[in-house]
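Below: one structure, written as C-alpha cells.
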Amino acid sequence: MIRKLLRRVFRRPDADNKLEPAVIPVDQHGIRREQISPVAFKVCNVLQENGHKAFVVGGAVRDLLIGHPPKDYDVATSATPEQVRDLFRRSRIIGRRFKIVHVMSGRETIEVSTFRASHDVESAETDEHGRVLRDNVFGSQAEDASRRDFTVNALYYDPGSETIIDYHHGVADIRQKTLRMIGDPRARYREDPVRMLRAVRLGAKLGLTIDPAARTPIREMAELLENVPAARLFDEMLKLLFSGHAVKCLEQLRAEGLHHGLLPLLDVILEQPAGERFVWLSLENTDDRIRAEKSVSPGFLFATLLWHEVLANWENRKLAGESPQPALFEAMDNVLDSQARKLAITRRIGADIKEIWALQPRFERRAGKAPYRLIEQPRYRAGWDFLRLRAQSGEISMDLVDWWLRFAHAGHDEREALLAQPFPDEGSSKRRKRRRKPAKVGAEVTAP
Ligand code: ATP
Ligand code: MG
C-alpha cells in the first residue's frame, strides 16, 4: 500500500510520452499513398476532413516498410467510436469492454480504434500475476503509441501528407531488422504474456531478430502463459500456425523454451517422436499453401497435429478389448478434451477435425458399396488429403492413396475392376468385413 503510494508520488514521468515523435517524410521511408488500401485511405481522409486525427497504424505500416503485402488495415484516430460510426454508413461498433469500429467497404473491413491510454500499472486492474484485465481508457496519440507492444508496431502513417509519425524509433529498428519492445520487456510480458508468442511469431514471419532485452526474459516468464484465457491462446495459435511461417515459428518457440508443458498442443507438435514427421510435413504443407494464397482449413491442420495422439489412444483401447469403431470415437473425444482445457478449439473446428478423423478407417474398406459411399462424402477430399499426408509420412502405404485417386476418377467399369483386385494385406480383414456388412450399412445409413 505504502509502496504503491510512494511509487505514485515519485513516479518518473513517462519519458516516452513526453518525447516529440519523429516525423519521417516520404522520401525517407518510401510509402506512397497509392500503396495502401483505398478504403483505409478513404477512412483516414473522411476522419481528417471532420477535424479528427487519423492514421494507418500497426501491422500494415510495418509490413509495407518491410516490403510484405499487408494482411489487413487498422486505423487509429482521435475520434470516439460513436463519432466514427456516425461518419460511415456501413460501420458498426464492436466490443463491449473496449469499443472499436468496423468500417466496411466492398469486401474490405477496416478496424478503427480510438487512441488508447497506456495503462498505468498502479491503477490498472490486474490478476494476481500482473496481467492487465482492463485496458480501456482513451488517451493521446503518444499514449496510444506507448501502449503498443513493439516499436515497429507503433508507426502511424498519414496518407494525406505521406509522413510516418514515429514515437519509438520503429523505422530505425525495421532498418536494423530488430524487434524491440516498447518499455520494460518484463513488465510488458507480465501485463500480457501473449506478447511472448507475438514476439516469436512476428520475428519469424518478418525475419526480425528479437532484441536480447526482449528475448532473454521469455524463458523465465514462459509459465505466465498459463493464466491466459484459452480462447485468446487459441486465436494466437491460429495466427501462428497460419502465418505462412509455422515451421519457423515453432522452431523458434522451441528455441525460446516456449513449448514444454505450456500448451498440450505444442507438446504434441514438438515432442512426439511417432508423429513428428507427419506433423512437420503438415506444417510445411500449410506454409506452402498460404504462401501460394491457397485456402487452408484450421480443422484439417489441427486434425493432423493431433492424429498421432488419437492413434495412440485408439491403440490402447483396442488392446484393452474395446471394439474398434466406438474406441476410435472415444479416443477422438479424449484427445480433443485434453486440448480444450488450455486451448478453446471452437465447436465448428472441433466438428471438422472429427469428421476428417472418422473418415480414415473407411479408406481401408475397399469392397462392396462402401467405397462408392465414401467418395460421395462432402469431406471426402479433405479425408483423402489427410490420407495422403499419412502415406507421405510413412505411416501407411502410398498404394492405398493411389488406389483411391484412381477409384474416385474412374468410370463404372474401371471401378468394378478396381474393387475386384485382390488386396493381399487386407485379405483376411476384407473377408471379415464382408461378413459384417449388414451391420455396417445400418451404421453408415444413420450417420449424417
Ligand atoms: P498481424 O496482423 O500481421 O498479425 P499486427 O501487429 O497487425 O500483426 P494485430 O493483432 O493486428 O497484429 O494488432 C494490431 C496492432 O495492435 C499491433 O501492431 C500493435 O500495435 C497492437 N497490439 C496488438 N496486440 C498487442 C498486444 N498484445 N500488446 C500491445 N499491443 C498490441
Ligand atoms: Mg494486423
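The table below gives the values:
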{"quantity": "Qualifying residue in the range 270-290 (condition: modelled with pLDDT of 90 or more and among the small types (Gly, Ala, Ser))", "calculated": "yes"}
{"quantity": "Sole residue being away from ligand 2 (no atom under 16 Å from the Cβ), hydrophobic (A, V, I, L, M, F, W, C) and at pLDDT below 95, chosen from Phe138, Phe115, Phe88", "calculated": "Phe138"}
{"quantity": "Flag if Gly160 is surrounded by fewer than 21 Cβ atoms within 10 Å (Cβ to Cβ), away from ligand 2 (no atom under 16 Å from the Cβ), in the same structural domain as Gly67 (by TED's automatic domain parsing) and within 23 Å of His68 (Cα to Cα)", "calculated": "yes"}
{"quantity": "Elements of type helices (runs of 4 or more DSSP H) contained in the range 305-378, each with 3 or more residues being free of Cβ contacts under 8 Å to residues at least 40 places away in the same chain and over 25 Å from Pro229 (Cα atoms)", "calculated": "324-340, 370-376"}
{"quantity": "Residue check, Val296 under 21 Å from Phe386 (Cβ atoms), among the β-branched types (Val, Ile, Thr) and assigned to a helix (DSSP H, G or I)", "calculated": "no"}
{"quantity": "Residues of the range 72-104 classified as away from ligand 1 (no atom under 16 Å from the Cβ) and touching a residue at least 60 places away in the same chain (Cβ under 8 Å), total", "calculated": "1"}
{"quantity": "Residue within the range 26-40 that is under 18 Å from Arg116 (Cβ atoms), surrounded by 20 or more Cβ atoms within 10 Å (Cβ to Cβ) and away from ligand 2 (no atom under 14 Å from the Cβ) present", "calculated": "no"}
{"quantity": "Given (1) surrounded by 14 or more Cβ atoms within 10 Å (Cβ to Cβ); (2) within 28 Å of Thr216 (Cα to Cα); (3) out of contact with any Lys or Arg (no Cβ under 8 Å at 6 or more places or on another chain), number of the condition Glu271 does not satisfy", "calculated": "(1)"}
{"quantity": "Search result, residues across the range 189-240 that are farther than 24 Å from Lys177 by Cα, modelled with pLDDT of 90 or more, within 13 Å of ligand 1 (Cβ to nearest atom) and out of contact with any helix residue (DSSP H, G or I) (no Cβ under 8 Å at 6 or more places or on another chain)", "calculated": "Glu191"}
{"quantity": "Set Ala79, Ala60: member being crowded, with 18+ Cβ neighbours inside 10 Å and part of a helix (DSSP H, G or I)", "calculated": "Ala60"}
{"quantity": "First in the range 205-225 and at positive phi, second anywhere and more than 13 Å from ligand 1 (Cβ to nearest atom) and modelled with pLDDT of 95 or more, Cβ under 8 Å, 6 or more apart", "calculated": "Gly207/Lys177"}
{"quantity": "Tally, over the range 147-169, of residues that are more than 10 Å from ligand 1 (Cβ to nearest atom) and small (Gly, Ala, Ser)", "calculated": "2"}
{"quantity": "Pick from the range 175-220, criterion β-branched (Val, Ile, Thr) and more than 16 Å from ligand 2 (Cβ to nearest atom), ranking: surrounded by the most Cβ atoms within 10 Å (Cβ to Cβ)", "calculated": "Val200"}
{"quantity": "Enumeration of residues in the range 91-107 that are more than 13 Å from ligand 2 (Cβ to nearest atom), surrounded by 16 or more Cβ atoms within 10 Å (Cβ to Cβ) and not basic (Lys, Arg)", "calculated": "Ser91, Val101, His102, Val103, Ser105"}
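The values are calculated or read from the model by the stated rules, or taken from the named source; none is laboratory data. What you are looking at is a predicted structure, and each value in this text was computed from that prediction instead of being measured. Neighbour counts run over all protein chains shown; Cβ positions are idealised from the backbone, glycine included.
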